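One structure is given here, and the rest of the page talks about it.
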Amino acid sequence: MFPLFFLLLFVVIINLPFGLFASVGNSAEISYYELALKELQYIKGASLVEEPFGDSPNPVTVITGEELKRFGWYNLRDLLEYQPSFYLVRDVNERVISHRGIYRTSTFHLYFQEDGLPLNAPGYRNFILDSSYPLLDVKRIEIVRGGAASLYGESAFTGVVSLERNSDFASAITQVGVGTYSSYEASLATKLPFTNNLNFSGLFHYKDDKGPKAHHRDSSMRIHPRPENYGLKLSLNHEKGWSAYLMHFFNRYDTPLAHSGYPVLPEDKEPFGSHEKAKFSLAGLRFERTFGNLTLNLRPYLQLFSVDTPQLRRTLREGNFHAQDIELKSRGFYLEGQAKYALSRGDFLMGFKLGEEKYSKTVIRNYNSSFSEISYKPKEETLLALYSQLRYRLSPNFLLNAGLRYDYYEEAGEEFSPRIALIYSPTEGLNFLLSHTRSFQAPPFLYRQSNLAVYGSEKGLSAEKMETYTISALYKPSVKSYLQATFYQEKASNLIEYDSAKKLYRNAGKMTLQGLEVELKHLGETLTYFTNFSYYRVVSAKDFSQGFGRDIYYLPRLMVKGGLSYRLPFLSDLYVSPQARWYSKARTTSKDYIPSYIVWDLNLYYRKALWEASLKFENLFDKRYQRGTTLLPEAPFSARQIWFRLERKF
């Protein structure tokens, strides 16, 4: 319990000189800080309309661009690990994002969007972006916790992550970085006026991350090696309400471990190699017009996705060598529309989504003393969604938020996803939330196929379902601070899990999970700090093999995270930002535990006029511990890594 006590004491001590919610100010506040404060006052992603922070129908965490820079969060997965109820699980292919007790071998239970554009892959719904996705010009991130299928559909099974890019810089931002273990990155964001009404913006990012060394029996092994990743975004924006956009991301990952847990050596890389390559592209148009109280928008867009993921199940030195290669390609064409009508005491929203998805390539190759291959014919599937939402102020103190979405999937059938939330505000700055949501997750195409190649199912799969009940309290005494406490209960059924005996996927039984989240944040120019506490327990389970007793395998039941960023009084352009994460012990499938551990990071951030620089120490004290996994034995965490980044605005 020492790490828990230490972090709580740490928060108390830093608050003593300032008061728990003191408004620490500075008469010389500059514009970037004032803009960051504005970003902390409203929510967009929870209701698809801009609303005050306290009116959200879900608990929400807001991260401003100011926090990204001061804490040195340059990667989306690393940022999420510091947020309530998030934990990164080690997998053979990637770092899988777990949230509120739910995780898969691929992250498809969270909905990701950038400026309203969906970033989940077509058909498979997985979020593959890691080193290829830059946070260079992101000005705010919203994390909506709890099911949001009533607006977003199946991918919002446990929540939504919304990112918003900054278009306020003059003409360009450049950033270069160099890290230990031969790692490099470079980013460029630019904005150019074509005419008085038409602007062009572009973003390019490249990252070559060989991965830090691991604390492992094989000291040459690297953790999360991601060489030669890149991302590109181009857009045209017209003042009259239309825009065109193109995104393309390429992710490469070198698999360091076999499924057995043994490191992959050069002689193991035949016949399929060990380089996973994934591509995701998005192109489309957006139109928006306002007629009095009515706002209409329309979005046709195309998504392309492909992945080639070679894997090793057993290495040569283990005997019975087994290599596998999975190649998937899909595309989706969609048309989304939405109408918002402002009422005297709220607003009403209606929307639709039409889509046609094609699984153009599905091939599984195996080598186990001889070659074998299973492939499926290309298949097209249609989907349709209709949804509506009413936000209505019943009285000056009560706000009703009710929504319903209907989804039709050609293979998964029909689903209804309701949400009802009541927000009570007895006084300014204090809000109470009571809500119920129902969400679902359609089974991925690969899992519902009948095959003998370790993937697929016997008789198809049903949609996973989740009902979430939430009680939350938000105290916001000033524009700089908030304290939020949330109790939730999830009732899940039909969760898809892997049957290792039959080597197939199946729908599991039922699971009820309860959790508590407490979050404190203060955004000051001299001192910024945050801390959060997350706890869960499995209340009941039936025919559920992903956990034992009160635990989900490999997920710590208790997490405490925090950090502060302090501007030095004797060097006012320098910010010192220590951060820490403490995790309780986590149960493994062998019924023993991964020990509890605490990891420290440190970021030194310097800002002077148009120049910015940061020096980031990840795993500052080179802590040796193990992280839980999905398919692999417990994996070693990476050794200390140091990044230096330099940024210039034009």
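The values are calculated or read from the model by the stated rules, or taken from the named source; none is laboratory data. Quick caveat, the model's predicted, so the values are computed rather than measured. All Cβ positions, glycine included, derive from the backbone under ideal geometry; neighbour counts span all protein chains shown. Accessible surface is based on the protein model in full, side chains and every heavy atom, while ligands, DNA and RNA are left aside. Shrake-Rupley method; radii C 1.70, N 1.55, O 1.52, S 1.80 Å.
Worth pointing out:
- Test: residue in the range 383-405 that is aromatic (Phe, Trp, Tyr) and in contact with a Gly (Cβ under 6 Å, 6 or more places away or on another chain): yes
- Residue in the range 407-417 that is closer than 30 Å to residue 56 by Cα, open to solvent by less than 20 Å² (accessible area, probe 1.4 Å), at pLDDT 95 or above and in contact with a Pro (Cβ under 9 Å, 6 or more places away or on another chain) present: no
- If the condition is being open to solvent by 40 Å² or more (accessible area, probe 1.4 Å), touching a residue at least 12 places away in the same chain (Cβ under 8 Å) and of a type in the set (Gly, Ala, Ser), then the range 553-603 contributes only 596.
- Residue satisfying all of: in the range 272-294; open to solvent by less than 30 Å² (accessible area, probe 1.4 Å) and modelled with pLDDT of 95 or more; nearest to residue 131 (Cα to Cα) among these: 280
- Residue within the range 507-521 that is within 25 Å of residue 427 (Cβ to Cβ), part of a strand (DSSP E or B), out of contact with any Ser or Thr (no Cβ under 6 Å at 6 or more places or on another chain) and of a type in the set (Gly, Ala, Ser) present: no
- Taken across the range 245-256, residues that are in a loop (DSSP other than H, G, I, E, B), hydroxyl-bearing (Ser, Thr, Tyr) and touching a residue at least 60 places away in the same chain (Cβ under 8 Å) do occur, with at least one present.
- Residues that are touching a Gly at 6+ places or on another chain (Cβ under 9 Å) and among the polar types (S, T, N, Q) were ranked within the range 267-305; the one that is farthest from residue 333 (Cα to Cα) is 290.
- Elements of type strands (runs of 3 or more DSSP E) contained in the range 154-204, each with 1 or more residues being among the basic types (Lys, Arg): 159-165, 183-193
- Residues located in the range 121-131, provided they are at pLDDT 85 or above, open to solvent by 10 Å² or more (accessible area, probe 1.4 Å) and under 14 Å from the mean Cα position of the chain (by Cα): 125, 126
- Filtered by the rule that a residue be assigned to a strand (DSSP E or B) and under 12 Å from residue 302 (Cα atoms), the range 105-125 gives 117, 118.
- Neighbours by Cβ (under 6 Å, 6+ apart or cross-chain): first from the range 462-487, free of Cβ contacts under 8 Å to residues at least 60 places away in the same chain; second outside any strand (DSSP E or B): 462/494; 465/494
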